[in-house]
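S.K.: Quick one: structure below, then a few questions.
The values are calculated or read from the model by the stated rules, or taken from the named source; none is laboratory data. Since the model is a prediction, treat every value here as computed from it, not as a measurement. Here the Cβ is made from the backbone with ideal geometry for all residues, glycine too, and neighbour counts use every protein chain on show.
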């Protein structure tokens, strides 16, 4: 049954059509405007993708605090590091494939090594970018960012949570990476749903297995829990919006209570959320883990919903993997 913490925590709706759908990148633009009003030192940089990343919302509100750099992601990150050292709070905006992808060395050395207060927005992450294909589908970004010391890594689950993540990241001192997507996805949290960096949220209670998910695929995890309930399997769904630092307490408690773990991410299974949780449990509470995500292949062109299914991240796949991991539970 749904966790009865707060009726406004998350709707228990199985029909996608009954939920409003907007891209998580819209939350980035809205969050920037709110954070910009809160802090006059906040500035935004972009590399010729102002509309696509939704940094256009900030540009319209604060044109004097917006810097357009053309296609020069490495320069953008380096300039942002300088702005941060001068006391500003800079956000850099691009597709995740280009930043952090193309600018990873500058992110590592100029931003993180110097512990500058730079915030990095990686748009169009995951295979749900769709027709743009493999060259634009960042499915390795969580891996390359979470391995950088001092870097906070966020993967919010819907538009509202993305807005909250941007506001919270703007208040946090230190480098932060926020990943978001292009395609419309269900809005299933509310303004009242808690969001604290480093604190995961349980959306669905259960005791037989725990499904730990990030990004818009959290919604698929909830739908999978509903399907599993029909099979008399009680699944706990936890929104792991902070990939680094992980909420170790809630993850270890889920392993202790449920005895089996599923991870779900629109990312390579190697190096991302699944790897992070597997590492944590291996050191603290060894537990059977199965990972849902992209398995050692590049993306391809297609409709977003078709690609989610083709790459094994749909609701039916989560159910299938859950049934498999339960056979590995210790008696």
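S.K.: Pick out the one residue from 280, 307 that is assigned by TED's automatic domain parsing to the domain that holds residue 212 and touching a residue at least 60 places away in the same chain (Cβ under 8 Å). Walk me through it before giving the result.
M.R.: On the way: 280 fails: touching a residue at least 60 places away in the same chain (Cβ under 8 Å).
Residue meeting the stated conditions: 307.
S.K.: It is to be established whether one or more residues within segment 50-67 are touching a strand residue (DSSP E or B) at 6+ places or on another chain (Cβ under 6 Å) and in a strand (DSSP E or B). Show your work before the answer.
M.R.: Kept after step one, since they are touching a strand residue (DSSP E or B) at 6+ places or on another chain (Cβ under 6 Å), are these residues of segment 50-67: 53, 55, 58-59, 65-67.
Remaining after also requiring in a strand (DSSP E or B): 66-67.
There is at least one residue in segment 50-67 that is touching a strand residue (DSSP E or B) at 6+ places or on another chain (Cβ under 6 Å) and in a strand (DSSP E or B).
S.K.: For segment 142-193, give me every one of the strands (runs of 3 or more DSSP E) that falls completely inside it and has 2 or more residues that are closer than 19 Å to residue 35 by Cα. Spell out how you get there, then give the answer.
M.R.: Values: elements: 152-154, 176-179, 184-186.
Correct list: 152-154, 176-179.
S.K.: In addition: Can you pull out the residues in segment 290-304 that are free of Cβ contacts under 8 Å to residues at least 40 places away in the same chain and either assigned by TED's automatic domain parsing to the domain that holds residue 139 or surrounded by fewer than 20 Cβ atoms within 10 Å (Cβ to Cβ) (or both)?
M.R.: Within segment 290-304, 295, 296, 297 meet the criteria.
S.K.: (1) surrounded by 14 or more Cβ atoms within 10 Å (Cβ to Cβ); (2) at pLDDT 95 or above: which one isn't true of residue 21, the others all being true?
M.R.: Single failed check for residue 21: (2).
S.K.: Being farther than 26 Å from residue 30 by Cα and in contact with a strand residue (DSSP E or B) (Cβ under 8 Å, 6 or more places away or on another chain) is true for just one of 168, 134, 143. Which residue is that? Break it down into steps so the answer makes sense when it comes.
M.R.: Details: 168 fails: farther than 26 Å from residue 30 by Cα; 134 fails: in contact with a strand residue (DSSP E or B) (Cβ under 8 Å, 6 or more places away or on another chain).
One residue alone meets the criteria, 143.
S.K.: For segment 235-259, give me each residue that is more than 25 Å from residue 153 (Cβ to Cβ) and in a loop (DSSP other than H, G, I, E, B).
M.R.: 259
S.K.: Also: Taking the condition of being over 18 Å from the mean Cα position of the chain (by Cα) and within 25 Å of residue 217 (Cβ to Cβ), how many residues in segment 108-136 meet it?
M.R.: Of the residues in segment 108-136, 5 are over 18 Å from the mean Cα position of the chain (by Cα) and within 25 Å of residue 217 (Cβ to Cβ).
S.K.: What are the residues in segment 64-97 that are touching a residue at least 40 places away in the same chain (Cβ under 8 Å), over 19 Å from residue 31 (Cβ atoms) and crowded, with 21+ Cβ neighbours inside 10 Å, if any?
M.R.: Once the filter is applied, which keeps residues that are touching a residue at least 40 places away in the same chain (Cβ under 8 Å), over 19 Å from residue 31 (Cβ atoms) and crowded, with 21+ Cβ neighbours inside 10 Å, segment 64-97 yields 77, 97.
S.K.: Any idea which of 207, 232 is within 28 Å of residue 324 (Cα to Cα), out of contact with any strand residue (DSSP E or B) (no Cβ under 8 Å at 6 or more places or on another chain) and assigned to a loop (DSSP other than H, G, I, E, B)?
M.R.: Working: 207 fails: out of contact with any strand residue (DSSP E or B) (no Cβ under 8 Å at 6 or more places or on another chain).
Just a single option satisfies the conditions, and that option is 232.
S.K.: Consider residue 197 carefully, then state whether it is farther than 14 Å from residue 23 by Cβ, in contact with a strand residue (DSSP E or B) (Cβ under 7 Å, 6 or more places away or on another chain) and surrounded by fewer than 24 Cβ atoms within 10 Å (Cβ to Cβ). Before you say what the answer is, go through the steps one by one.
M.R.: On the way: farther than 14 Å from residue 23 by Cβ: yes; in contact with a strand residue (DSSP E or B) (Cβ under 7 Å, 6 or more places away or on another chain): yes; surrounded by fewer than 24 Cβ atoms within 10 Å (Cβ to Cβ): yes.
Answer is yes for this residue.
S.K.: A further question on this structure: Got at least one residue in segment 138-160 being over 26 Å from residue 247 (Cα atoms), crowded, with 19+ Cβ neighbours inside 10 Å and either at pLDDT 95 or above or not assigned by TED's automatic domain parsing to the domain that holds residue 33 (or both)? Outline the logic, then answer.
M.R.: Initially, segment 138-160 is screened for residues over 26 Å from residue 247 (Cα atoms), giving none.
No, segment 138-160 contains no residue that is over 26 Å from residue 247 (Cα atoms), crowded, with 19+ Cβ neighbours inside 10 Å and either at pLDDT 95 or above or not assigned by TED's automatic domain parsing to the domain that holds residue 33 (or both).
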